[in-house]
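Structure first, then comments.
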Amino acid sequence: MSILVIAEHDNASINGATLNTVSAAKAIGGDIAVLVAGEGCGAAAEAAAKIDGVSKVLVADNAAYGHQLAENVALLVAELGKDYGYILAPATTNGKNTLPRAAALLDVAQISEIISVESADTFKRPIYAGNVIATVQSSDAIKVITVRATAFDAAAAEGGSAAVEAVASAHDAGKSSFEKEELAKSDRPDLTAADIVVSGGRGMQNGDNFSMLYSLADKLGAAVGASRAAVDAGFVPNDMQVGQTGKIVAPGLYIAVGISGAIQHLAGMKDSKVIVAINKDEDAPIFQVADYGLVADLFDALPELESAI
Amino acid sequence: MKVLVAVKRVVDYNVKVRPKSDGTDVDLNNVKMAINPFCEIAVEEAVRLKEKGVATEIIAVSIGPKVAQEQIRTALALGADRGILVETEEDVQPLGIAKVLKAVVDKEQPQLVIMGKQAIDGDNNQTGQMLAALTGMAQGTFASEVAVDGDSVAVTREIDGGLQTVKLALPAVVTTDLRLNEPRYASLPNIMKAKKKPLDTLTPDELGIDVTPRVKTLKVEPPAERQAGIKVADVAELVEKLKNEAKVI
Ligand SMILES: Cc1cc2nc3c(=O)[nH]c(=O)nc-3n(C[C@H](O)[C@H](O)[C@H](O)COP(=O)(O)OP(=O)(O)OC[C@H]3O[C@@H](n4cnc5c(N)ncnc54)[C@H](O)[C@@H]3O)c2cc1C
Ligand SMILES: Nc1ncnc2c1ncn2[C@@H]1O[C@H](COP(=O)(O)O)[C@@H](O)[C@H]1O
């Protein structure tokens, strides 16, 4: 069975989550094609062609796909996807936006955020904020799936030499248009790809105090995340939220500072390899998942920690 | 304009759900049920649109068992005008829900459909996008701001990189994210009033919709447990452990 992977990209390069999605496709087995839909996305297509295990890259380079509007891209995915047995996309906000729309156009179900491939039609996925793992079996002819990147190793970005084919179809549904974007700029590593993540919660008290986390992160080469409470309170922007309804991270080291450890937060970070919690409340639930817990006032512990490493 | 909101009955977000010991299903015996938090935000947004004079009527729809009436009543108490329960004992999956909602949309012809981005039980994050596909409507998912302007709506979306604003032709589907608004509490008088608001009941059959699941759950199990960790005495011990034991810094 052939597999179509929808690439996540910024026209110039391929987003890392695409590499994990290719690994999920390899676990299913079969010819892997990657679709790069965008505008001026030739460089991203070239990069996709080098991914290990990819046999073909389809490039749909058209203004209609420039901002990844779901109304347009889903039409393209449904058109191309009907010839495949599987359509996979990373479970990024972009994949989550477009793929269910394409699945409905094809009249098939979507299986969201798989964490393992059990067989050609059977997959595991977390439900109830990760408190339960469900094994699900699909009876659809085309299996439409989003992939939780942290559950699959990244395929090698180099080594492949897939054929690149242009796709002419330009679907413009004419229902939506892009207005503007405010993207967070940061020199720190990407939250979902970083080896170390330092996250702050309501205990940080305000946005200014997050500078303590930023300077610790810079010393560790880490990314900075946050709990929902910290985002809701306006300490930091929404793209930093880790959790059931935010980003899923699984770094080698996760340091939770002033975070209580609600199930919705744990859902986004409990697969981290080593978890450190710093909290002044010794009964905070975060300590139940922490490998190393430090009961302390964060305003004492953070400066000490930064100078000790 | 008419606004349709879809509300799902789910386990309360504070409940830590566990699988049954035989692994056939999750154990929902005697657990507290509630309106899905993202659906509550959807209702609140619709009510605010009505208070601004943009919305004229708010219809709350739920698909589920008879007891899902409770969640529709909650929506009515928060300010929805009438409710529709599409009653079924079947565990309907997102594509089936989207098809039922499309049938309701065809009947009611709303200009705006507001839904949650995600139901916190199945964590699917699909239904709004699927309804938009089936009806051919534009979609504004993960909304943190919604501004209706004549025959279009500007939706600011929470995306991985930050915020994105798109303009959608109406009718459209909007799905809510956490920062869209902070839902109000229903007052006692409004809870009483809600009991008298109209609530129609339909079935998927009456709507001519086949809700047979395409995906079968073979088993459910708890996630891998983490090994219990230790408490360190101070920052010095923490750093020592991270360097020499965990070897992560
Ligand atoms: C539908 C829904 C979705 C959600 N999605 C998410 C999600 O994706 N991600 C998420 O994180 N949450 C999510 N939540 C929210 C979640 O339930 C919690 O409310 C949230 O995680 C709490 O954030 P917090 O731990 O920062 O705040 P709190 O629970 O208030 O904890 C603050 C902690 O800081 C500690 N503290 C305070 N001062 C200090 C100090 N000086 N030194 C040391 N420690 C200190 C306190 O002891 C406390 O443990 C969601 C909730 C709902 C209903
Ligand atoms: N049974 C249901 N009844 C009414 N609305 C639903 C139902 N299931 C899903 N929805 C709507 O779809 C949204 C997303 O759900 P899901 O795609 O299951 O994560 C929910 O927040 C609801 O607005």
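Counting other Cβ atoms within 10 Å, keep those with at most 16, restrict to DSSP loop, and tell me which trypsin sites (Lys or Arg not before Pro) in region B:155-249 are left.
B:ARG184, B:LYS195, B:LYS196, B:ARG226, B:LYS247
Give the relative contact order (percent, whole number) for chain A; include only Cα pairs under 8 Å separated by 6+ residues.
Relative contact order here is 15 percent.
Starting from one equal scatterer on each C-alpha and no solvent at all, send me the Debye-based log10 I(q)/I(0) for chain B at q = 0.10, 0.16 Å⁻¹, two decimals.
Rounded to two decimals, the profile gives -0.55, -1.14.
When the helices in chain B are scored as -39500 (n - 2.57) per DSSP H run of 4 or longer and the sum is shared across all residues, what 222 nm value do you end up with, to the nearest 500 deg cm²/dmol?
Counting only the DSSP helices, I get -7500 deg cm²/dmol.
Over the alpha-carbon set of chain A, divide Rg by the Kirkwood Rh and report the Rg/Rh ratio to two decimals.
With Rh from the inverse mean 1/r over Cα pairs, Rg/Rh is 1.00.
Per residue of B:211-224, what is the mean number of Cβ atoms on other protein chains within 10 angstrom of that residue's Cβ?
The shielding value for this peptide is 6.
Nearest 10 degrees, 0 to 90: what angle lies between the long axis of helix B:69-78 and the longest principal axis of chain B (Cα atoms)?
Helix B:69-78 sits roughly 80 degrees off the main axis of chain B.
To the nearest 500 deg cm²/dmol, what mean residue ellipticity at 222 nm is calculated for chain A from DSSP H runs of n ≥ 4 alone, each contributing -39,500 (n - 2.57), summed and divided by the residues?
That comes out to -7500 deg cm²/dmol.
Bin all alpha-carbon pair distances of the protein assembly as shown at 10 Å intervals from 0 and give each bin's fraction as a whole percent.
Final binned percentages: 4, 18, 28, 27, 17, 5, 1.
Listing A:SER169, A:SER138 from the residue with the fewest other Cβ atoms within 10 Å to the one with the most, what is the order?
Fewest-to-most Cβ neighbours within 10 Å comes out as A:SER169, A:SER138.
Given a cut-off of under 8 Å on Cα pairs at least six residues apart, what relative contact order in percent is computed for region B:154-249?
10
For region B:173-249, compute the orientation-averaged projected area of the C-alpha convex hull (one quarter of its surface), in nm².
Directional mean of the projected Cα hull area for region B:173-249 stands at 13.9 nm².
Taking chain A as the reference, fit the longest principal axis to its C-alpha atoms, fit the long axis of helix A:16-28 to the helix C-alpha atoms, and give the angle between the two in degrees, 0 to 90, nearest 10.
The helix A:16-28 is inclined about 60 degrees to chain A.
Can you work out the FRET efficiency for the pair B:ALA154 and B:THR201, with r the C-beta to C-beta distance and R0 = 30 Å, to the nearest 0.05?
Working from the Cβ atoms, E equals 0.25.
Let me know the mean shielding of B:14-20 by other chains, meaning the per-residue number of their Cβ atoms within 10 Å of its Cβ.
4
Which of the lysines could be linked to A:LYS247 by a straight reach, that is with a Cα gap under 21 Å, when you skip same-chain ones fewer than 8 residues away?
A:LYS96, A:LYS124, A:LYS185, A:LYS270, A:LYS273, B:LYS16, B:LYS117
Report the Cα centroid-to-centroid distance between region A:56-70 and region A:154-181 in angstrom, as an integer.
4
Any chance you could run the full-extension gain for B:GLU90 through B:ASP106? It's 0.36 nm times the residue separation minus the Cα-Cα distance, nm to one decimal.
Length difference between fully extended and current span is 3.5 nm.
Return one quarter of the surface area of the convex hull spanned by the alpha-carbon atoms of region B:118-223, equal to its mean projected area, in nm².
So the mean shadow area of the Cα hull is 11.3 nm².
Can you put B:MET115, B:MET192, A:MET212, B:MET1 in order of Cβ neighbours within 10 angstrom, beginning with the fewest?
Neighbour counts put them in this order, fewest first: B:MET192, B:MET1, A:MET212, B:MET115.
Beyond 26 Å, what share of the Cα-Cα pairs of region B:1-113 remains, rounded to the nearest whole percent?
22
Return the FRET efficiency for the residue pair A:GLU79, A:SER55: r is the Cβ-Cβ distance, R0 is 22 Å, and the value is rounded to the nearest 0.05.
The value I calculate is 0.65.
Given an 8 Å cut-off on Cα distances and at least 6 residues of separation, report the relative contact order of region B:2-244 as a percent.
Here the relative contact order equals 23 percent.
Taking H as built 1.01 Å from N, whose amide H comes closer than 5 Å to the amide H of A:VAL5, not counting residues under 5 places away?
Those lying under 5 Å, H to H, from A:VAL5 are A:ALA33, A:VAL34, A:LEU35, A:LEU88.
For region A:196-308, what Kirkwood radius comes out of the mean inverse Cα-Cα distance, in Å?
13.4
Can you work out ³J(HN,Hα) from phi for every residue in region A:64-80, in order, using Karplus 6.51 cos²θ - 1.76 cosθ + 1.60 and θ = phi - 60°, giving whole Hz and x for Gly and Pro?
Computed from phi, the couplings for region A:64-80 are 4, 9, x, 10, 6, 4, 4, 4, 8, 5, 5, 4, 5, 5, 5, 5, 6 Hz.
Kindly state, as a whole number, the per residue volume in cubic angstrom of the convex hull around the alpha carbon atoms of region A:206-260.
82
In sequence order, what are the phi-derived ³J(HN,Hα) couplings for region B:190-205 according to the Karplus relation 6.51 cos²θ - 1.76 cosθ + 1.60 with θ = phi - 60°, rounded to whole Hz, with x for glycine and proline?
Those phi angles translate into 5, 5, 5, 4, 4, 5, 9, 6, x, 9, 8, 10, 10, 10, x, 4 Hz.
Could you tell me the largest-minus-smallest coordinate of the C-alpha atoms of region A:3-166 on each of the three principal axes, in descending order and whole angstroms?
For region A:3-166, the Cα spread along each principal axis is 42, 33, 27 Å.
Can you run the Rg to Rh ratio on region A:102-243? Use alpha carbon positions and the Kirkwood inverse-distance Rh.
1.05
For A:ALA163 and A:ALA233, calculate 0.36 nm times their separation in residues minus their Cα-Cα distance, and state this gained length in nm to one decimal.
Result: 20.3 nm gained on full extension.
For the residues A:HIS9, A:HIS265, what sequence is obtained by ranking on other C-beta atoms within 10 Å, fewest first?
With the sparsest Cβ surroundings first, the list reads A:HIS9, A:HIS265.
Every number here is computed from the coordinates shown, using simple stated rules; none is lab data. Small disclaimer: the values here were computed from a predicted structure and weren't measured. Please note: Cβ atoms are built from the backbone with ideal geometry, for glycine as well, and neighbour counts cover all protein chains shown.
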